[in-house]
Amino acid sequence: MKKVQKQIITGAGLFTAIILTSSVQAIFSPFLFVRLLNTIVIILTATGLGAFIREFFIQRKD
């Protein structure tokens, strides 16, 4: 059980890093296509991050 929780925390940390990196790129990019693509990536990874956090709390509850 502890190993699974560590993996979930690590995955959430990696997703957070991806979200932050994409956000910085989306803010400072002069190209509309890059901003649009990064915004889509941000939304998808934030959804994945939310799923990881939800699973963490479900694992913790048990």
Among residues of segment 13-62, those that are over 9 Å from the mean Cα position of the chain (by Cα) and of a type in the set (Ser, Thr, Tyr), counted: 5
Candidate set from segment 34-62 (those that are modelled with pLDDT of 80 or more and among the charged types (D, E, K, R)); member that is nearest to Thr21 (Cα to Cα): Arg35
Filter result (small (Gly, Ala, Ser), surrounded by 14 or more Cβ atoms within 10 Å (Cβ to Cβ) and part of a helix (DSSP H, G or I)) within segment 1-50: Gly11, Ala12, Ser22, Ser23, Ala26, Ala46, Gly48
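The values are calculated or read from the model by the stated rules, or taken from the named source; none is laboratory data. The model shown is predicted, which means the values in this text are computed figures rather than measured ones. Neighbour counts run over all protein chains shown; Cβ positions are idealised from the backbone, glycine included.
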